[in-house]
Amino acid sequence: MDQESEIYKPSSSFRASSSSFWRNNGLELFSNSARQQDEEEDEEALKLAALEKLSTYGRLKKGLLLVGASRSGATSEVDARKLGFEERKDLLDRLIKDVDEDNEKFLSKLRDRIDRVGIELPTIEVRFENLTVGAEAYVGSRSLPTFFNSFINTLQGLLNYLHVIPSKKKNISILQNVSGIIKPCRMTLLLGPPSSGKTTLLLALAGKLNSSLKFAGKVTYNGHGMNEFVPQTTAAYISQYDVHIGEMTVRETLEFSARCQGVGSRYEMLSELARREKTANIKPDPDIDIFMKAVSTQGQEASVMTNYILKILGLEICADTMVGDELVRGISGGQRKRVTTGEMLVGPTNALFMDEISTGLDSSTTFQIVKSLRQFVHILNGTALISLLQPAPETYELFDDVMLLSDGKIVYQGPRENVLEFFESVGFKCPERKAVADFLQEVTSKKDQQQYWMRINEPYRFVTVSEFVEAFKSFHIGRSLNENLASPFDKTKSHPAALTTRKYGTTTKELLRICSIREILLMKRNSFVYIFKILQMLIIALVSMTIFFRTTMHRRSLEDGYVFVGALFFSATIVMFNGMSEISMTIYKLPVFYKHRESLFFPPWVYALPMWILKIPISFVEVGAWVLITYYVTGYDPNASRFFKQYLLLLFVNQMAGGLFRLIGAVGRNMIIANT
């Protein structure tokens, strides 16, 4: 035992050498570590000082970026406009490792940096007063889209315009004298049964109502009428329909949208932020600084904001997958719905009007998206009116206000906590195990209302929507709402950057470049079509060569002239109808074009011009293949000038045909009509 204990006892020589090691080297080890840390801090301070010496323009474009996904590492000076894919990915991984936990912290850091220098973020309050929307439409068999009905409707419309006969159309009311306020920094949930007017209300508030509808009332943003600014670029309307180009990936779709919408007032805010920080000698967090500079810089091929939205919406897993359509396999329906949402979230708008964004999504994904939107609205002073169909209880609890719409009338609008109190005051109670959102959508229905009647001592009677509206006016929330509407919004309190007066998000030159890049991308993805057209032209040229095979064509009689005319007519016909595929390609992209045009992504001519110019080289190849094979074999004049004249003439015919077929596709809007 004594021998064993001796084994585990350190020898005196070991103790001596150990103590000597720590006396001689220990202090040096720790001092080296401290010295290294001081050197890194000094190096970073020197880099910051170098950045501070740059001009304002230079400071807004450059920043310090940590190397790697961890916060411990060397920094390097980078241009915020030219961040690579890995650099953007590492930056977002450092800022947001887990969306559930880190997104709110990240947004709070952004807000803290802005508040530290006393910059006020713009807010938007949307008011609508006595809003009435209606439509005139034929009913019954007259509403069917038959040729006879179309002819009769056109004739009657002309006679009605000349006041010869009265209109046969029936007036249909969609919204009836509704009023309300959408407040900033609050999430408002729009509920209502189908056909209650939710989509029409959202379109009216976003300034995208169809001109054929009858509109009355007033909609204001911060007290300004819709004619004082551009509502399409100030607010974002997210449709319930998923309309995308199937040949583009998810990332390409969002990046195109982000580049068209521009950066809004982010650059001006960042410029003022940098000026105030320099005056106050405040050093920002490097990651937050480079993120804000990256999202405020215009004209980037790939945006940090796109990567951020992909991460928030859970689309990173399919970011480089084709969106897909009926013919191209792509992402799932739920992912496509999130792409529709992300397409507008990448823009700089502060007011969001979202229509049925949960269709096709599971409750967990819907909850995550709404939670992220809530964090954005609360922290960055956004405004949001979101329509959901039967949201889960946990999703319902994320909203601050509720607006209940039924039969074109607003039954309730106010805090979520008071909605059950209002209906109990009318005589209806939500059962304990019943979802409140389901109760609200059923309580105005004649079929479902009776089961919620709570006044046992009184006989039940059906309470109409009009009676609910009158009861809400006398309810304390309704009285408070009417008082707020009675006092107009003070326009002087509106932030200068809140409302947009520019029609488009960026310059026309930049929009032309963006649309050209997309058109080149789509031409590459559809390269099979163009290759097939050239091969088709070659094969038919070989057939034509055998039909009109002459080494020297005779000019002896009128019959010889017929051969010339036949060969020329056949050439012109083949060259012209080789561009017929433009009809289907134009019609396929029309729904996306209409959506982008209504959102003011670009003017129509900017979309059409690259489509024409970029296809001119293909026309040169197609016509060149035809003329080179057929001209001399057919026996035309061997003079080179005549050869080039025919080439030029057929080139113009091909260009004319392409434009004509694109026009037919745009006017017809349907393959059957366009082909006819």
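Within the set of other residues whose C-beta is less than 15 Å from the C-beta of residue 174, count the net charge using Lys and Arg as +1 and Asp and Glu as -1. Kindly include the intermediate steps, with their values, before the conclusion.
Values: positive: 169, 170, 198, 208, 214, 409; negative: 136, 355, 407.
Neighbourhood net charge equals +3.
Got a sec? Charge dipole of the chain, +1 on Cβ for Lys and Arg, -1 for Asp and Glu; which of 607, 449, 466 is way out at the positive end? Of the options given, the answer is 607. Only the Cβ atoms of Lys and Arg (+1) and of Asp and Glu (-1) were treated as charged; on that basis the dipole of the range 508-675 about its Cα centre amounts to roughly 400 debye.
Given a 1.4 Å probe and every protein chain left where it sits, what share in percent of the accessible area of the chain is carbon and sulfur? If you can, show how the numbers build up before the last one.
Working: 20300 of 34830 Å².
Ligands and nucleic acids excluded, carbon and sulfur reach 58 percent.
Using the Cα centre of the chain as origin and beta-carbon charges of +1 (Lys, Arg) and -1 (Asp, Glu), tell me which of 571, 399, 380 is placed farthest towards the positive end of the dipole. Selected residue: 571.
State which helices in the chain qualify, where a helix is a whole DSSP H run, it must extend 27 Å or more along its own axis by its Cα atoms, and its mean Kyte-Doolittle hydropathy must be at least -1.0.
Working: long enough: 27-52 (37 Å, -0.88); 527-547 (30 Å, 2.02); 558-577 (28 Å, 1.54); 640-668 (41 Å, 0.93).
What comes out of the filter, once short or polar helices are dropped, is 27-52, 527-547, 558-577, 640-668.
Between residue 605 and residue 536, the FRET efficiency from the beta-carbon distance, with R0 = 45 Å, is close to 0.90. Placing unit charges on the Cβ atoms of the charged side chains and taking the dipole of the chain about its Cα centre, the candidate lying farthest along the positive direction among 245, 201, 617 is 617. Ranking 596, 495 by solvent-accessible area of protein heavy atoms (1.4 Å probe, all protein chains present), from largest to smallest, gives 495, 596.
With a Förster radius of 35 Å applied to the C-beta separation of residue 466 and residue 143, the computed FRET efficiency comes to 0.80. In percent, rounded to a whole number, the relative contact order of the range 508-675 is 41, using alpha-carbon pairs under 8 Å and six or more apart.
Taking the inverse of the average 1/r across all pairs of different Cα atoms in the chain, what Kirkwood radius in Å do you get? Display every interim value, and only then the final one.
Values: mean 1/r = 0.0328 Å⁻¹.
Here the Kirkwood hydrodynamic radius works out to 30.5 Å.
On a per residue basis, the chain carries 52 Å² of accessible surface, using protein heavy atoms and a 1.4 Å probe. Calculated from the alpha-carbon coordinates, the range 508-675 shows an Rg and a Dmax of 18.9, 65 Å respectively.
Each helix, a run of at least 4 DSSP H residues, gives -39500 (n - 2.57); summed and divided by the residues of the chain, these come to -17000 deg cm²/dmol at 222 nm.
Magnitude of the charge dipole for the chain, about its Cα centre and with charges confined to Cβ atoms of Lys, Arg (+1) and Asp, Glu (-1), is about 2700 debye.
With viscosity set to 1.002 mPa s at 20 °C, what whole-number translational diffusion coefficient in µm²/s follows for the range 187-268 from Stokes-Einstein and a Kirkwood radius over Cα pairs?
Values: Rh = 15.6 Å.
In µm²/s, the coefficient rounds to 138.
The values are calculated or read from the model by the stated rules, or taken from the named source; none is laboratory data. These figures come from a predicted structure and were not determined experimentally. Glycine also receives a Cβ, built like all others from the backbone with ideal geometry; neighbour counts cover every protein chain displayed. Areas reflect the complete protein model, heavy atoms only, side chains present, ligands, DNA and RNA absent. Shrake-Rupley method; radii C 1.70, N 1.55, O 1.52, S 1.80 Å.
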